[in-house]
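K.L.:
I have a structure I would like to understand better, so I am pasting it below and will then ask my questions one at a time.
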Amino acid sequence: MPGVGEPVEYPLLNGISDPQFVTVGPDGYLWVTTEWSGLVQVNPTSLANQLAVTDEVPTPCIGIIPDPRPTRTDGRKAVWFTCVSDWAGDSVVQYDIVNQRRLSGVKLAYESWVQTLTWLLIDTGAAGTPAYSYWIIFVEPLHTVAGYYDAEDESGTPGTYPFPDAQQNPVYDTWLWSVAVTAPANAKSPGDCTYWVTGQASAGDYPRKTNSLYRYTPAKDEQPEPIPLPGGSGQKPVHVVASPNGDAIWVGTEHPSQICRYDIALRSWTQRFVSGFGAPRQMMLGTDGNLWVATSKGISRFRTDKSITELPGPSLPNGGDAMGLCVDKHGKWVWYTNPTNKSIGQYPIPDDPESPCGKTQFVSQLVTETTPGQHTDMSGVVQYISNGLPIPGVPLTCRVVSDGGTTFSDGTTETLLTTDARGRAALPALRAGREENRVVLKVGHGDSEPPTAISLCVRPDPGKDAEANES
């Protein structure tokens, strides 16, 4: 993949705000959570163009993801972010980034404190009748629960899986921090998935005793399985990333600062020290097929195989540290936050001959033909793969090309989709225009690849033809 120069940073809100995490929103802008300044919208083509958004935004706000659903019929564009539960009882908030207001929230117990989020696209339909839905996955540390939430549900009521009583079993006396999820191909509900959760020992107002990785498949397991870390009971796990292929888990740790790879089949660990002993923060799989790690010393990259080889790359321009990471929509760089310098930055994806460009592939086409004026359901499912590995969190540009006026359900012809924990994304529903032999849907990761395309046709409505003949 081509490198594009050196990292570039710009102060966030003139250097007065502490940035936390970052995502590319469905509007194409960067959305940054902060400790005390709410959300910040940043123009990715002009980093000086920033807007503080504070209406109905609790602080601090922490983890953030784009609304995983394809183009919505109500036309809204949203992000989901985590926070300490506030007056509304929301620990996860769905926020309208256009009208700047809260749409809904996930209701948990008072003072619940969700840190990170991920999401998953699941086919919940019967055999031969696909019906896809998106689920938000989270863990909550104060009450020690894993949870899930239907993105379409407006009630705010999540499903939860409480951990066992820590007083009876101290291995569960832990502060849950991060969650990743793997799922078999035939998963029909969040309960069929496997939750991989990091839990930390901590002092202070909410003391906990145990550092551990936990594995839990609700449909099969009576309770979460603790998996001791390779560095012993003092090694503190932070972020966790799961291979969408279901073969490996990566955990960033402190004491010592390492990247630890867990082989699921062999149930064994391999670990590698982080150069400069930078403490890992957020991690992600990059579009180059490597593991990207934000650390207290900058940004590091590692091979995802058993070697966990660390790869060279440029230093941050002004020092400091990195906290949040996300992939850009053009395939050229990674966005990151630098809390020490109170800045937002773009980090080029370095040249790497062993990591060929990723590719968007069609998993299934759900609509092959429709009739004029008809509104379809989701039109298909795609997956982004790099070096044989599906990649989560990739913003894909989806366009509909039609001479007959066929559009997405909201009337637009271009939208952003972001891949889920298995590297998949659902294509939007369509609103058919006039009769047409070939409507084309094109999907790709910005300028980094030729778009993948499928076609469908808009045929005459047989019912209307029959009525015309009768008259």
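The values are calculated or read from the model by the stated rules, or taken from the named source; none is laboratory data. What you see is a predicted model; the values in this text were computed from it and never measured. So basically every Cβ, Gly included, is an ideal-geometry build from the backbone, and we count neighbours across all protein chains shown.
K.L.:
Return the only residue of D321, D288 being crowded, with 21+ Cβ neighbours inside 10 Å and touching a Pro at 6+ places or on another chain (Cβ under 9 Å).
P.N.:
Answer to the check: D288.
K.L.:
Next question. Can L416 be described as in a strand (DSSP E or B), over 28 Å from the mean Cα position of the chain (by Cα) and either of a type outside the set (V, I, T) or within 20 Å of W333 (Cα to Cα) (or both)?
P.N.:
No: the conditions fail for L416.
K.L.:
Restricting to segment 419-460, name every residue that is assigned to a loop (DSSP other than H, G, I, E, B) and in contact with a Gly (Cβ under 8 Å, 6 or more places away or on another chain).
P.N.:
T419, A432, G433, R434, E435, H445, G446, D447, S448, E449, P450, P451 - these are the residues of segment 419-460 that are assigned to a loop (DSSP other than H, G, I, E, B) and in contact with a Gly (Cβ under 8 Å, 6 or more places away or on another chain).
Residue by residue, here is whether (1) touching a residue at least 60 places away in the same chain (Cβ under 8 Å); (2) touching a strand residue (DSSP E or B) at 6+ places or on another chain (Cβ under 6 Å) holds:
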position: L142; (1), (2): yes, yes
position: Y149; (1), (2): no, yes
position: E154; (1), (2): no, yes
position: P162; (1), (2): no, yes
position: Q168; (1), (2): no, no
position: W177; (1), (2): yes, yes
position: K188; (1), (2): yes, no
position: G204; (1), (2): no, no
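K.L.:
How many residues, within segment 122-140, are without any contact (Cβ under 8 Å) to a residue 40 or more places away in the chain and under 19 Å from the mean Cα position of the chain (by Cα)?
P.N.:
So the answer is 1.
K.L.:
Show me the strands (runs of 3 or more DSSP E) entirely contained within segment 88-182 in which 1 or more residues are out of contact with any Pro (no Cβ under 6 Å at 6 or more places or on another chain) and surrounded by fewer than 16 Cβ atoms within 10 Å (Cβ to Cβ).
P.N.:
101-107, 159-162
K.L.:
Further, regarding this structure: Just give me the residues in segment 285-322 being farther than 14 Å from T337 by Cα and aliphatic (A, V, I, L, M), in sequence order.
P.N.:
L285, L291, I308, L311
K.L.:
A further question follows. If you take the residues of segment 57-70 that are modelled with pLDDT under 95 and among the aliphatic types (A, V, I, L, M), which of them is farthest from V84 (Cα to Cα)?
P.N.:
V57
K.L.:
To continue, here is another question. Starting from segment 98-121, take each residue that is within 24 Å of P392 (Cβ to Cβ) and at pLDDT 95 or above and list its partners that are of a type in the set (K, R) and buried (at least 20 other Cβ atoms within 10 Å of the Cβ), counting only C-beta distances under 9 angstrom and pairs at least six apart or across chains.
P.N.:
Correct list of pairs: L120/R422; L120/R424; L121/R422; L121/R424.
K.L.:
Within segment 209-217, can one find any residue that is more than 26 Å from R422 (Cα to Cα), at pLDDT 95 or above and either under 24 Å from the mean Cα position of the chain (by Cα) or acidic (D, E) (or both)?
P.N.:
No - not one qualifying residue is present in segment 209-217.
K.L.:
Follow-up. Being in a strand (DSSP E or B), under 16 Å from P451 (Cβ atoms) and among the hydrophobic types (A, V, I, L, M, F, W, C) is the filter here, so list the residues in segment 382-407 that pass it.
P.N.:
Of everything in segment 382-407, those that are in a strand (DSSP E or B), under 16 Å from P451 (Cβ atoms) and among the hydrophobic types (A, V, I, L, M, F, W, C) turn out to be V382, I385, L396, C398, V400, V401.
K.L.:
Would you kindly identify the strands (runs of 3 or more DSSP E) lying entirely within segment 1-56 that contain at least 3 residues that are in contact with a helix residue (DSSP H, G or I) (Cβ under 8 Å, 6 or more places away or on another chain), modelled with pLDDT of 95 or more and of a type in the set (A, V, I, L, M, F, W, C)?
P.N.:
none
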